[in-house]
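We did not get these values from a lab; they are worked out from the coordinates using the rules stated. Just so you know, these numbers come straight off a predicted model, no measurement behind them. In this analysis, Cβ positions are derived from the backbone assuming ideal geometry, glycine residues included, and neighbour counts consider all displayed protein chains.
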Amino acid sequence: MATTVIPIRELRVGAVLPAAIYDADNSTVMLLNRGLSLTAENLSRLQSRGIKAISIDSRYVGSIWNTDNGGSTGIKLQKHHLSEQRQQNEAQRLPLSDRIAKPEEIEYNPTLIKQMMANSRLHSQNVQSFYESVRTGPRTRIEPIQGISNQSIEMLLSDIDLFVKSAIQIEDESNSCLHSYRVANLTMSIATVLGHTEQDINQAGIGCMIARIGITPDLQRLMNVRRELTTLERLEVKKHPGLTWHALEKISDLSNTARQVAWQMNERWNGTGYPRGRIGNQIHPLARIAAVADVYIALVSARPYRPAMSPYQAIKLLLTDTQNMLFDPNAFRGLLKTTSLFPIGSIVELSNGSVAEVFRNNTESYDKPVVKTLLDSRCNPVSNRFVNLIEHPHLKISDALSPLEFDRHIQRNG
């Protein structure tokens, strides 16, 4: 992430921070958090602490820089900002996958785990607030959702495997917006693996997060009934993309890409989807990816009328549906390359009788992930032993284990 340093005296009083600002001399020290207003009082307080300049994500310089009081650094700052903006625009037109690098440590970073969990709670709440503002207020801007999408890309780049795991492993969805947030993160991950640009991935995330804005409370209650819906009720549910489309008219700066993703993610490759029954290439490429992500997240999540499906069962069902032409084969292949055939976090039995957790994916060999051994072939506990199945061609995953089956393996040793 590119940052720009701005002197305290050149910040615009009254501006609402679109991102957190940090001490220019120590980038780990956050001074003011996103969403706070810059007041004369808090700027004076910063100066009294000896802080002369702040650092902020370069994308947001224009929101807080007082161009009327540029001072001695004004012209230089403006040129620097424009130069960085050009570089960022060029970078956004390149495949985001070019910037992906697997962490040196196979084990997940505990700090990142906590941050992604916190983001999941906070961002789904912010999506909910955005829904309410669109439904009840006048015209608005997409900026709050854009900010979430930007932060998701930063998390994705920090560790894509952990980012994917955080999206697919929450089984209890407390609200519809958490589902939308998880779908967005999985869609962005798949699109990254398939070589899409940062700009398109960003817009795909936005489209997924706003796709359920047309689901009213009454419609949500209908979707959560503990029985199979009648024909008329299913027709009622299928109205929500149209309701979403009309709600999105209130957003003044929404891109066509994000709008198409939100509008078309319920379409199906063979034309049996809704709202328009589009077929094949009539469906936006990113909406095809979102369709796969949406169904996968739904399958592995508990619903009032059914329990959550295991990750491997969900993959098998999606494979069958893809063979039946419900989904774009390339989009489903992208899911496999992103999550693995036995999705990240799954407990599996290996051909040597040991039990392991799928820890990291190998993109081009999605049936040979990196696993963390939990039990040896005699069901004795094992710690901190990672196996990259690509490096052990004789060793394969023989089965995925349910939590109950895993418990039985543990009890054998007891």
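Here are a few things to note about the model shown:
- Dividing the convex hull volume of the alpha carbon atoms of segment 101-339 by its residue count gives 118 Å³ per residue.
- For the chain, the longest principal axis of the C-alpha atoms and the axis of helix 110-136 are separated by about 70°.
- Cβ-to-Cβ counts within 10 Å put 379, 208 in ascending order as 379, 208, the fewest first.
- Computed FRET value (nearest 0.05) for residue 125 with residue 378, which takes r as the C-beta separation and R₀ as 60 Å: 0.80
- Figure legend: label point modelled 7 angstrom from the Cα of residue 351 along Cα→Cβ; residues of segment 383-398 with amide N under 13 Å from it are 389-398.
- In terms of surrounding Cβ atoms within a 10 Å radius of their Cβ, 196, 394 rank from fewest to most as 394, 196.
- Between helix 74-92 and the chain: long-axis angle, C-alpha atoms, 0 to 90°, nearest 10: 20 degrees
- Taking the three principal axes of the alpha carbon atoms in segment 347-413, the coordinate ranges are 36, 20, 19 Å, sorted in descending order.
- Length gained on full extension, residue 282 to residue 230, computed as 0.36 nm times the residue gap minus the Cα-Cα distance: 15.8 nm.
- Beyond 25 Å in Cα-Cα separation lie the following of the pairs 250/337; 239/316; 102/316; 102/165; 337/372; 337/396: 250/337; 239/316; 102/316.
- Loop-resident trypsin sites (Lys or Arg not before Pro) (DSSP state other than H, G, I, E or B) in segment 201-299 with no more than 13 further Cβ atoms inside 10 Å of their Cβ: 226, 227, 238.
- Taking Cα atoms only, the orientation of helix 143-158 departs from the longest principal axis of the chain by about 60 degrees.
- log10 of Debye I(q)/I(0), alpha-carbon scatterers only, for segment 265-414 at 0.11, 0.17 Å⁻¹: -0.49, -0.95
- Helical mean residue ellipticity (222 nm; -39500 (n - 2.57) per DSSP H run of 4+; nearest 500) of the chain: -15000 deg cm²/dmol
- 13 Å beta-carbon shell around residue 279, net charge (K/R +1, D/E -1): +2
- In plain terms, the residue of 296, 60 with the fewest other Cβ atoms within 10 Å comes first and the most crowded comes last, giving 60, 296.
- Extension gain, residue 323-residue 48: 0.36 nm per intervening residue step, less the Cα-Cα distance, totals 92.4 nm.
- Cα-projected label distance for residue 385 with residue 316, points at 7 Å along beta-carbon direction, nm: 2.8 nm
- Between residue 115 and residue 141, the distance separating the two model label sites (each 7 Å from Cα on the Cα→Cβ line) works out to 2.6 nm.
- Modelled FRET efficiency - R0 41 Å, residue 34 with residue 270, Cβ distances, 0.05 increments: 0.40
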